[in-house]
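The values are calculated or read from the model by the stated rules, or taken from the named source; none is laboratory data. The structure displayed is predicted, hence computed values, not measured ones. A quick note on method: Cβ atoms are made from the backbone with ideal geometry, for glycine too, and the neighbour counts reach across all protein chains shown. To get the accessible areas, we keep the full protein, side chains included, count just its heavy atoms, and leave off ligands, DNA and RNA. Shrake-Rupley method; radii C 1.70, N 1.55, O 1.52, S 1.80 Å.
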Amino acid sequence: MWDPTISQSRLDFDCKFVMNQYTALGNLAWLKMLRKVFSFHQISLVVLVGMRVQRCLEVWKMGIINYLDALKLQEKLVSARKVHKIPDTLLSLQHPPTYTLGKRRTDHNLLISQSDLERIGAELHYTQRGGDITFHGPHQAILYPIISLRDIGLGARYYVEKLELTMIELASLYGVKACAGQTGETGVWVGERKIGAIGIRISYAVTSHGLAFNIDPDLNYFKHIVPCGITDKEVTSLRRETNVVLPAEEVIQEQLILCFARLFGYTSVSWKEGTPLVTSEGKFDEV
């Protein structure tokens with residue numbers, strides 16, 4: 001039987017012992033050894049805690065990429081992640097000016113005609129993510145996590161909270177006090193001004209879509225929509241809210257990635273550049 005009074009020092013010893021044996025014995029012999037040493041419930045906890053030190057996040061820095069191309073890529077990566085062909089993956093990128101609507105199809109929150117969209121050089125796309133209408137464009141840090149929530153033991157609510165905390169922590173690095181929205185107000189806010197948006201999709205515990213943090217986008221694009229369906233609220237950016245001289249955007253995007261990795265418990269980050277491609281063997285390659 002599991003002993004709820006097990007001490008932290010004993011647990012630390014058990015985890016270290018388990019990981020050492022795992023390295024030496026391999027999968028099958030390792031599990032046989034566990035059955036001899038621990039009860040079933042102890043095995044579950046020890047493996048969960050011990051394995052946490054092994055978690056790596058694969059990050060792809062993709063630059064500016066067309067929205068539809070990014071959408072198709074996410075679909076392929078989600079399929080591969082579901083069958084464990086790829087590890088937890090994070091896409092870091094920006095889009096050309098693009099408006100996207102979630103699965104609720106709230107077209108009434110788009111305040112501009114198709115002809116005017118073409119005039120300002122923006123695209124409109126419909127998606128299967130949650131949330132309302134939003135804008136993506138240059139000088140905005142976008143993260144699309146393709147991760148297994150089942151593997152890290154998170155539900156949808158706590159996943160969204162961690163995405164919020166990722167942006168809140170980044171803002172704090174520049175002296176900006178941001179917080180999660182009130183009930184019905186998604187995303188991250190500085191007072192009454194929205195600085196970060198969240199829209200996600202979860203399929204069989206694997207995530208896609210994600211977050212968009214405003215570094216210094218052209219805020220005039222937001223005048224053509226009701227951002228996230230919330231009226232009488234402004235949109236802001238890190239540039240507007242901080243008195244700190246901002247570094248290059250690539251630096252800020254990397255800081256955002258590291259905030260994400262820390263909050264989600266990844267102990268190492270593998271950096272890649274370009275566009276990931278899942279080969280027939282289920283491995284990553286670059287385009």
Given charges at beta-carbon only (K, R positive; D, E negative), |dipole| of segment 205-262 in Debye
160
Expressed as cubic angstrom per residue, what is the convex hull volume of the alpha carbon set of segment 206-281?
193
Compute the accessible area per residue over segment 144-197, keeping the other protein chains in place, probe 1.4 Å, unit Å².
46
Zone reached by a paramagnetic label modelled 7 Å from Leu246 Cα along Cα→Cβ, restricted to segment 193-229 with backbone N below 18 Å, covers 193-198, 211-223
Once label points are set 7 Å from the Cα along Cα→Cβ at both Arg239 and Leu173, what is their separation, rounded to one decimal in nm?
1.8
For the residue pair His139 and Lys72, what label-to-label distance in nm results when each label sits 7 Å from Cα along the Cα-to-beta-carbon direction?
3.1
